[in-house]
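Just below is one structure, and these are the notes that go with it.
The values are calculated or read from the model by the stated rules, or taken from the named source; none is laboratory data. What you see is a predicted model, and the numbers here were worked out from it, not measured in a lab. So basically every Cβ, Gly included, is an ideal-geometry build from the backbone, and we count neighbours across all protein chains shown. We work out accessible area using only protein heavy atoms, side chains counted, and drop any ligands, DNA or RNA first. Shrake-Rupley method; radii C 1.70, N 1.55, O 1.52, S 1.80 Å.
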Amino acid sequence: ARYLTAAELDRAYVDLAAELGPRPTLAGAYLALSRFTARLRCGHTFLNPTNQSAAVQRALLDGPRLPFAFRWLDGRMVITRAFVADPALAPGTEVVAIGDVDSAALLAELMPLARADGHNDDKRRAGLAVLAEPGYQAFDVFLGLLHPELATPYRLTVRRPDGSRATVLAPAMTPASRAAAIAPTAAGADAADAPLWRLRYLEPDVGYLAMPTWVAYATAWD
């Protein structure tokens, strides 16, 4: 391993075996393996939710979702967009706690599971945000595995942009309902073989190739 000594790698295997135990649950195995791969400090080595079997996705990964997008700013969970009509979830609102779980403590709990190259903890924090994008996101997956008790509905302690605090009951969303709220016409709007990149000419001898993504595993485009 590039970022671990041989002794550190051996220790990681010992810790993995101890966390798995003789009869690991499916959720326990997913968390243990995620913790192990995160210790390797390779951003491309992780349990990719998209690559799991349909049975694993149903059992572990398709659980309830928060009804808002957020970013971690100086260790604080700050809402960037709400997916439900609730003024208490306005952009700029800080989520201080989810249920009885303090957000700063939650971030500390999540960091050892997050992937990034080397010691780039800023990348790890960024990867634990929830973006206004459909599909699996690390925070959604890990929150459901670590704290399945929280979403019935979510009881949020928030700090409004004006500094006042409040308790908000926010509905849990399904992956499908949140994807629909994020982009009502995006999910399934394009054919499976629709071009990911598009070329247009700004002038007769000047072309513009738009490449909004290089992620091609989920497309049939040739």
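Counting only protein chain heavy atoms and rolling a 1.4 Å probe, the accessible areas of 221, 214 rank, largest first, as 214, 221.
Beyond 16 Å, the tail of the calculated P(r) for segment 90-162 holds 55 percent of the Cα pairs. Compute the Cα gyration tensor for the chain, then decide on rounded, prolate or oblate, letting a ≥ b ≥ c be the square roots of its eigenvalues: rounded whenever a/c is under 1.5, prolate when a/b is larger than b/c in the other cases, and oblate in all that remain. Taking the square roots of the gyration eigenvalues as a ≥ b ≥ c, the chain is oblate.
With the charge dipole of segment 71-178 set up from +1 on Lys and Arg Cβ and -1 on Asp and Glu Cβ about the Cα centre, the Cα lying farthest toward the positive end among the listed residues 147, 90, 118 is that of 90. Where only DSSP H runs of four or more residues are counted, the chain gives -8000 deg cm²/dmol as its mean residue ellipticity at 222 nm, each run worth -39500 (n - 2.57).
The heavy atoms of residue 219 present about 40 square angstrom of accessible area, all protein chains included, probe 1.4 Å.
In terms of overall dimensions, segment 1-74 has a Cα radius of gyration and Dmax of 15.0, 43 angstrom. Can you give the FRET efficiency to the nearest 0.05 for residue 57 and residue 222, using r as the Cβ-Cβ distance and R₀ = 25 Å? The calculated FRET efficiency here is 0.40.
Out of the total accessible area of the chain (probe 1.4 Å, heavy atoms of protein only), what percent is carbon and sulfur? For the chain, the apolar C and S fraction of the accessible surface comes to 56 percent. Shape verdict for segment 69-195, please, from the Cα gyration tensor: rounded (a/c under 1.5), prolate (a/b greater than b/c) or oblate. Oblate, since a/c reaches 1.5 and b/c is not below a/b.
Per residue, how many Å² of accessible area does the chain show with a 1.4 Å probe? Before the final figure, lay out each step's value.
Working: 12840 Å² over 222 residues.
Computed with neighbouring chains in place, this is 58 Å² per residue.
Spin-label pair residue 211-residue 25: with each label point 7 Å from Cα along the Cα-Cβ axis, the two points sit 4.4 nm from one another.
Under a model in which nothing but the beta-carbon of Lys, Arg (+1) and Asp, Glu (-1) is charged, segment 18-160 shows a dipole of about 180 debye around its Cα centre.
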